[in-house]
Amino acid sequence: MPDATDPPSGVTADRDAVGRPDWWRGCLVVLLVLVLWGAARPYGGIIGDARLYTLQALSHIMPGRFNDDLFLHYGSQDRFSAFSYLYSPFLHTFGIGYGSLAFCLLGCLLWLGGVATLATGLFRDRAVAIPAIVTAVAIQFGGGTLVRPGEPILTPRLFAEAVSLFALGAMLRGRNGLAALLLLLSLAIHPLMTSGAIAAFFLYHAMRRPVLWLAGAGAASIVIALAFSGVEPFVRLTVRMDGAWLASAGTLDPQCFIAEWGATYWLPLVGSFALLLAAMRYAQRRERRFLAATAMAALGGIALTALGGDLLHNVLIIDIQAWRALWLLNLVVYLLGGMLWARVIRARWANPTGVPAVLGFTYGLLILASFAPAAGFAAAPMAILACLLSFYEHRYCRPVSGLCRILARLVVACCLAFALLGLHYVVRTQDPFWRPLYGIGLATPALWGLWRLRGESAPRRSRIGVTVLAGILAPLTVTNWDQSTPWQHFIDKGQAPPALTRLLPPEGPVYWDGDVTVPWLVLRRSSYFSCEQGAGILFSRATAAAFRQRFDTLSRLHTLDFDLPPYCTLGKDQRVLPLRRADLATVCAASPGLSALIVTRQAIDDPGAAWTPPVPFPWANEQGRKISVARFFIYRCDALR
């Protein structure tokens, strides 16, 4: 095995035994990587933040239609991004469901291309770059909900990550002009996600050219000048969040404040840094420079978040969410798994308490975490153990022994047992239960097939077997990739049932209990309140105040929106009382702009108008409570005031 400090070899095309380009093997590798990506990153429809960005794109197609919506009424972050201008033509051409799916597929393919560009630029040897791509694609775990690189939901984050990866790949090839242009493009798509890549780009060059620190100081001076000149968004640098605004931001966006991070954030984060440190020993000199720049960018993002958010309560620093630089750290750590496999693990893994074996177990758990997230938390202490063992072996030039060896084996055994318990829990609680097992069933043979294709050439017998395997896995992956629920399919159609529209007032915002996508994507009208609309409070004090007022008013109804810990909740001591007409009338009287209430519980003294959806509405919270709603009850405010 070559020494980690050997100069990088050139990137050569795969060739067969007589030196001709081996296109068939290359196609098999690409196909199996796509299978692995589909297994680890299934599509769930317009869910999560994709709902917010779809609303913003619809508002471009239908100007004025959503002006009264809480999320858009006081302005949103959409004004700082070009994403809606790129997304809206897809919605206009293909409709909501197919338009979102087509644009998401485009983003995912760009992201895969960006990963390949970065991997081949960082690791010049193809025998290292391909395993690195495999591990980066196979791992879909970001530590709780902090950061997950390559999320298969339609947000500008996916596109900004992709373009940033292309930029960093160009930088590693010495094409700095192209890299700068791509970073500017990424900045126009999602400034917050691009900031980490820009920091890594700057640090990578500043480590070799200290004069660039003066340029950085000059850029900071320009930002300060723009802030005191009143230019948006830089003027926010002169504004502090007041108490009420800060409390709302801390509740709905706790990731923006270091003090709110719990073990589910910190443990995987420490594990990522531990893996990065352990991998430094096996990286080449040019690779170490990029790894150091990535680590410094991530640490800088954490420090800026703590200083600007937790201590200074500065609006601009909170808004830029510098902690998002962690996405690049996690992705690079996942790439390092392939590098370690090619250089270390495959050759020397037999000793269960040796560094190669512990690193192999760690990345195996991270891959398993794509289907059972608890395995990712088990990987963190394993990563710390690998880092400690690596430092020990590097210092003393021998593996650990005696009591330390016993303790290391105990840690490995406990982590593996915890991961298996986590998989068991996911299978028991997942609905349907077979989905994580199906994903593992696709990923495992795909990884086996990629292993059989390792090296410059593979035996003909292996190629035939892998070809048959890929022919089986590919259609299975395609048919299973879209894991949208029947309710989500109903939403994605974007067609308002006439039986529902006849029961509603012709205009005005409505409150829909538990699912804001029905007003937005089905009815194409403004929503009066939902927990998701609180995403805009970081960027507007007026949004924060309106959200708090509507939260206090509607909470008396004890609807599903107020049972979503830790973000929208009334607390465990709040009893759910029977719903009465007087409660509904009070809410309508206190909400002048509200036109109708659509709730999942019927008032005991007013039957209202009932609407039965084409499929039941499934609802669940993070504490495991699940219900299925087969009927909604509609109360018009003009009849209650």
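Every number in this text was worked out from the coordinates using simple rules, so none of it is lab data. Source: prediction; values computed, not measured. When we count neighbours, we look across all protein chains shown, and the Cβ atoms used for this are built from the backbone with ideal geometry, even at glycine.
Extension gain for the segment Ala225 to Cys27, taken as residue separation times 0.36 nm less the Cα-Cα distance, is 66.0 nm to one decimal.
For the chain, the cysteines with no partner cysteine C-beta closer than 4.7 Å are Cys27, Cys104, Cys108, Cys256, Cys387, Cys397, Cys404, Cys414, Cys415. For Arg209 and Ile627, a Förster radius of 45 Å and the Cβ-Cβ distance give a FRET efficiency of 0.15, rounded to the nearest 0.05. Roughly what % antiparallel, to the nearest 5, for the DSSP beta bridges in the chain? Around 75 percent antiparallel, to the nearest 5. For a label point 7 angstrom out from the Cα of Arg240 toward its Cβ, which stretches of the stretch 314-339 have the backbone nitrogen within less than 19 Å? Output list for this probe position: 314-320.
Phi-derived couplings, Karplus 6.51 cos²θ - 1.76 cosθ + 1.60 at θ = phi - 60°, listed residue by residue for the stretch 53-62: 6, 5, 4, 5, 5, 4, 5, 6, 6, 10 Hz, with x used for Gly and Pro. Amide H contacts under 5 Å for Val629: Phe617, Trp619, restricted to partners 5 or more places along the chain or on a different chain, H placed in the peptide plane at 1.01 Å from N. With point charges of +1 on the Cβ of Lys and Arg and -1 on the Cβ of Asp and Glu, referenced to the Cα centre of the chain, which listed residue (Gln56, Pro505, Gly449) lies farthest in the positive direction of the dipole? Of the options given, the answer is Gly449.
Taking 0.36 nm per residue of separation and subtracting the current Cα-Cα distance, fully stretching the chain between Val615 and Arg409 would add 69.1 nm. For the pair Ile47 and Gln495, the difference between a 0.36 nm per residue extended length and the Cα-Cα distance amounts to 159.5 nm. How much of the calculated P(r) for the chain lies past 51 Å, in percent of all Cα pairs? Within the chain, distances greater than 51 Å cover 13 percent of Cα pairs. Spin-label model, Ser401/Tyr567: points 7 Å from Cα along the beta carbon direction are separated by 5.5 nm.
Normalising the average separation of contacting C-alpha pairs (under 8 angstrom, six or more residues apart) by the number of residues puts the relative contact order of the stretch 206-283 at 10 percent.
Between Val576 and Leu106, the simple spin-label model (points 7 angstrom out along Cα→Cβ) gives 4.2 nm.
Against the main long axis of the alpha-carbon atoms of the chain, helix 263-280 sits at an angle near 20°.
Under 5 Å between amide hydrogens, built in the peptide plane, is the criterion, and for His190 it picks out nothing among residues at least 5 positions away or on other chains.
Comparing Cα centroids, the stretch 103-175 and the stretch 374-436 end up 26 angstrom apart. Each label point was placed 7 Å from the Cα along the Cα-to-Cβ direction; for Tyr425 and Asn67 their separation is 4.9 nm. Any chance you could give the angle, 0 to 90 degrees and rounded to 10, that helix 403-429 forms with the longest Cα principal axis of the chain? With rounding to tens, the tilt is 40 degrees. What net charge is computed for the residues neighbouring Leu312, neighbours being all others with C-beta under 14 Å from the C-beta of Leu312, Lys and Arg scored +1, Asp and Glu -1? Its environment carries a net charge of -1. Counting Lys and Arg as +1 and Asp and Glu as -1 over every other residue whose Cβ lies under 12 Å from the Cβ of Ala470, the net charge comes to +3.
In the chain, the longest principal axis of the Cα atoms and the axis of helix 355-368 are about 30 degrees apart.
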